[in-house]
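See below for the structure under consideration.
The values are calculated or read from the model by the stated rules, or taken from the named source; none is laboratory data. Everything numeric here is computed off the predicted structure, so don't read it as measured data. Backbone-built Cβ (ideal geometry, glycine too); neighbour counts: all protein chains shown.
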Amino acid sequence: MAGGRISRGWRLVKVSWGIVKVEKSLLVLPIVSFLCLAVVWGGLIAGAVGVGGLPRSGNQIPPVYYPFIVIGYFLASFITIYFNAVVVGMATIRLRGGDPSMSDGFRLATSKIGKIIGWAALTATVGMILRAIEERAGFLGRIVIALVGVAWAIVTFFVVPVLLYEQLGVFASVKRSASIFKERWGEQFIGNVTIGGIMFLLSLPVIAVCGLLIVVLPPLGIALMILAIGVMIGLGGALSGVFNAALYQYATTGEAAGAFALEDLQGSFRPKKGRL
């Protein structure tokens, strides 16, 4: 069973990579998103320290930091979702036989900017609530919160394409995303090893080599680590966006797009005994 799931993941990566090779700009978008996140968080951290000073060791975060944290959560969610929408939009055009440009993806995402802002606000709120509960929970509580976070990520997996292609608001899109899973995979389901799992496996030897170089030749190792992180972010974001677009098309139409195999898309999630 495990071998079959891993081989399915490899096939999905190969097909997704075939799309990315044609649309190389898909690799750039996740990297730009990451750089924007770094700039935003860097500016907010500098602003928080400038207003409240450095927190003392062992002390709680100063209350003056809280507005910066809230703003950071929202902006991080917005940037991530917006660029993901651009990737999904471009991938969908390609899967439907079109020839998208980067401007096509930005135009589509920008046309749904109000919904993206709303979804970013909801995502940031849920993230902050889970984070606050996790910090106050014991060991078992943290495990439960982690499982809740995974369940939330799965149930909202299709929110971005729903926002882009269906005339629904934010809360209705969350319900629609959950209903897509229910209609296609049943009320109880679990994810299999797909893009994320394969990217994790690929990153392990890269991290190991870079870590060894940092010990032996620190400047070279650090430079290669930064480069490797950029490449993995770009590749992982692009592949995930393509897979998201392909799986949404399958889930809503029952048809496999491009070179994706129907059985691989169907097997990306499977029925699960017991509760999610």
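Here's the yes/no breakdown for (1) in a helix (DSSP H, G or I); (2) of a type in the set (S, T, N, Q); (3) surrounded by 20 or more Cβ atoms within 10 Å (Cβ to Cβ):
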position: GLY18; (1), (2), (3): yes, no, no
position: ILE69; (1), (2), (3): yes, no, no
position: PHE78; (1), (2), (3): yes, no, yes
position: ILE81; (1), (2), (3): yes, no, yes
position: GLY97; (1), (2), (3): no, no, no
Restricting region 21-67 to residues that are polar (S, T, N, Q) and assigned to a loop (DSSP other than H, G, I, E, B), the one farthest from GLY127 (Cα to Cα) turns out to be SER57
Residue set LEU227, LEU239, LEU204; condition at pLDDT 85 or above and out of contact with any helix residue (DSSP H, G or I) (no Cβ under 8 Å at 6 or more places or on another chain); output residue LEU204
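Residue by residue through region 160-183, note down the ones that are touching a strand residue (DSSP E or B) at 6+ places or on another chain (Cβ under 9 Å) and crowded, with 17+ Cβ neighbours inside 10 Å.
PHE181
So which of ILE195, ILE180, ILE233 ends up being touching a Ser or Thr at 6+ places or on another chain (Cβ under 9 Å), aliphatic (A, V, I, L, M) and modelled with pLDDT under 80?
Checking each option against the conditions leaves just ILE195.
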Have a look at LEU212, LEU122, LEU204 and point out the one that is over 28 Å from ILE79 (Cβ atoms) and in a helix (DSSP H, G or I). LEU212
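Please count how many residues of region 255-267 are part of a loop (DSSP other than H, G, I, E, B) and either under 13 Å from VAL13 (Cα atoms) or in contact (Cβ under 8 Å) with a residue 40 or more places away in the chain (or both).
6
One line per residue, one yes/no per condition, for (1) in a helix (DSSP H, G or I); (2) under 23 Å from MET90 (Cα atoms); (3) of a type in the set (D, E, K, R); (4) at pLDDT below 90:
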residue	(1), (2), (3), (4)
GLY141	yes, no, no, yes
ALA146	yes, no, no, yes
ALA153	yes, yes, no, yes
LEU168	no, yes, no, no
ALA172	yes, no, no, no
Pairs, please: C-beta under 7 Å, at least 6 apart or cross-chain, first residue farther than 17 Å from ASN244 by Cβ and in region 95-110, second in a helix (DSSP H, G or I) and of a type in the set (Ser, Thr, Tyr)? MET102/SER25
Need pairs with beta-carbon distance below 6 Å; first residue at negative phi and of a type in the set (Lys, Arg) and within region 139-150, second assigned to a helix (DSSP H, G or I) and modelled with pLDDT under 85; sequence gap 6+ or separate chains. ARG142/GLU134
Can you tell me how many residues within region 251-268 are surrounded by 20 or more Cβ atoms within 10 Å (Cβ to Cβ) and either modelled with pLDDT of 85 or more or in contact with a Lys or Arg (Cβ under 6 Å, 6 or more places away or on another chain) (or both)? 3
Identify, by number, the condition in (1) modelled with pLDDT under 85; (2) surrounded by 13 or more Cβ atoms within 10 Å (Cβ to Cβ) that THR123 doesn't meet. (1)
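Yes or no: SER103 out of contact with any helix residue (DSSP H, G or I) (no Cβ under 7 Å at 6 or more places or on another chain), hydroxyl-bearing (Ser, Thr, Tyr) and part of a helix (DSSP H, G or I)?
Criteria met by SER103.
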